[in-house]
Amino acid sequence: MAKHAEEVERTAALSRTIALVNDKGGVGKTTLAVNLAGQLSAAGFSCLLVDLNRQANIARDLGYRDAAGDDHGRNLFDAISGRGVLEPVPGVRPGLDVAPGGNELDDLVSHMVGRMGREGLDANLALGNALMPLAPNYDFVIIDSPPEATILVDLCLYAARWILIPTRSDEAGLDGMASVAKRFTVAKQYNPGLSLLGAVLFGTGVRSTSIHEEVREHIAQAFGGQSPLFSAFIRFSEKTAQDGRRLGRLAHELEEDLAAQPAWWKVLREGKRPGSRISATAASVAGDYRDLALEVLTVLREAEEQEIAEAETVKGAQ
Ligand SMILES: Nc1ncnc2c1ncn2[C@@H]1O[C@H](COP(=O)(O)OP(=O)(O)OP(=O)(O)O)[C@@H](O)[C@H]1O
Ligand SMILES: [Mg+2]
């Protein structure tokens with residue numbers, strides 16, 4: 001197949017693939033990936049969540065660590081290295097399938113280094129190749145990328161149609177974002193459909209509006225003038241983060257658990273210990289993820305409508 005036709009087919013198959021990337025660690029990639037996939041699948045969209053991390057925190061966040069189907073990334077490694085077909089774990093939540101990560105991905109960086117020696121930058125298309133047969137079965141494919149492994153982040157940049165960049169407001173998070181922005185242009189030569197969906201402020205103060213403005217300016221510098229910072233942001237809440245990972249529940253699920261939680265005084269009155277309780281902030285954090293999911297859907301729909309209109313204009317002019 002001619003290279004152009006191949007690229008068009010690839011871009012179409014992966015048109016709803018979103019990768020969470022930032023070269024810096026601890027900026028909220030995993031928490032955002034899992035909560036975005038969780039919100040979208042709860043809203044009725046079918047989602048595939050791909051965990052490219054050896055630390056496999058997605059398994060913890062969704063509560064499936066070591067459960068049936070958790071192969072610690074073996075199948076994902078085989079699919080990327082061309083030795084097998086990707087077979088995600090179905091129904092981790094209704095409408096949500098997962099390609100698990102884990103320590104079986106330990107050798108992925110050295111595998112990719114070897115491949116790049118033989119194939120050059122084309123090797124980076126490996127993740128997209130693994131996803132292509134499956135992606136059209138889903139409304140969204142969401143990829144969580146690892147920190148400080150630029151080779152694996154590049155796999156995401158060469159596979160995704162969209163990238164979503166979480167950042168904290170500190171310099172390190174913003175530097176990590178700028179370093180992704182630099183490699184974005186190279187990746188686009190191999191993956192012409194690649195576009196920036198937006199940046200998201202993670203773990204920030206609700207009232208820190210001057211900080212939000214500063215971040216907006218930093219992002220504009222990194223991306224040559226525009227600042228695609230989402231208005232939605234995820235507020236700082238260590239307790240909700242801890243509750244989520246401890247219980248294997250997403251923010252909107254914690255919100256439901258919170259509503260069903262009996263008042264502490266009722267528990268005491270019944271002579272029981274109140275035990276570990278879900279923080280009331282869970283409802284606000286769940287609201288932040290809902291706002292973000294809605295904004296993502298709006299931005300995607302607008303971009304897709306614009307693409308359709310442009311294609312029709314080109315057709316009309318021929
Ligand atoms: N709303 C929140 N406020 C503050 N901290 C949070 C919030 N949600 C999650 N966290 C915590 O922030 C830390 C980083 O989150 P997360 O693991 O999603 O980042 P990451 O970018 O995927 O990190 P890594 O690069 O190590 O994979 C975790 O310890 C998580 O528990
Ligand atoms: Mg992570």
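The Cα center of the stretch 9-68 and the Cα center of the stretch 263-318 differ in position by 14 Å.
Per atom type, the stretch 161-291 shows carbon and sulfur on 51% of its accessible surface, probed at 1.4 Å.
Largest GNM mean-square fluctuation across Glu295, Glu255, Glu238, computed for the chain with C-alpha springs under 10 Å, falls on Glu238.
Counting charges near Gly84 (Lys, Arg +1; Asp, Glu -1) among other residues having Cβ under 14 Å from its Cβ returns a value of -2.
Determine the shape class of the stretch 1-150: with a ≥ b ≥ c the square roots of the Cα gyration tensor eigenvalues, call it rounded for a/c under 1.5, and otherwise prolate if a/b is greater than b/c, oblate otherwise. Note, shape of the stretch 1-150 comes out oblate. For the stretch 16-57, the fraction of 1.4 Å probe accessible surface lying on carbon and sulfur atoms is 48 percent.
Taking Lys and Arg as +1 and Asp and Glu as -1, the other residues whose beta-carbon sits under 15 Å from that of Met116 total -1.
With all protein chains kept in place, the per residue accessible area of the stretch 25-181 amounts to 35 square angstrom at a probe of 1.4 angstrom. Straightening the chain between Val314 and Asp66 buys 84.1 nm, computed as 0.36 nm per residue apart minus the Cα-Cα spacing. Loop-located trypsin sites (Lys or Arg not before Pro) in the stretch 237-309 (DSSP state not H, G, I, E or B) with no more than 16 neighbouring Cβ atoms inside 10 Å: Lys272, Arg277. Please label the shape of the stretch 186-318 as rounded, prolate or oblate, based on the square roots a ≥ b ≥ c of the eigenvalues of the alpha-carbon gyration tensor (a/c under 1.5 means rounded; beyond that, a/b larger than b/c means prolate, else oblate). The shape class here is prolate.
The H on the amide N of Ile143, modeled in the peptide plane, is under 5 Å from the matching H of Ile18, Ala19, Leu20, Val50, each at least 5 residues off or on a different chain.
The loop-placed trypsin sites (Lys or Arg not before Pro) in the stretch 142-221, going by DSSP, that have at most 16 neighbouring Cβ atoms within 10 Å of their Cβ come out as Arg207. Across the stretch 3-317, Cα pairs under 8 Å and at least six residues apart give a relative contact order of 22 percent.
Of the cross-linked pairs Lys29/Lys239; Lys239/Lys272; Lys3/Lys182; Lys3/Lys29, those separated by over 28 Å at the C-alpha level are Lys3/Lys29. The orientation-averaged shadow of the Cα convex hull for the chain, equal to a quarter of the hull surface, comes to 18.3 nm².
The values are calculated or read from the model by the stated rules, or taken from the named source; none is laboratory data. Just so we're clear, the structure is a prediction, and the values are computed from it rather than from any experiment. With ideal geometry, Cβ positions are generated from the backbone for all residues, glycine too; neighbour counts draw on all protein chains shown. Surface accessibility is based on the protein's heavy atoms, side chains included, excluding ligands, DNA and RNA. Shrake-Rupley method; radii C 1.70, N 1.55, O 1.52, S 1.80 Å.
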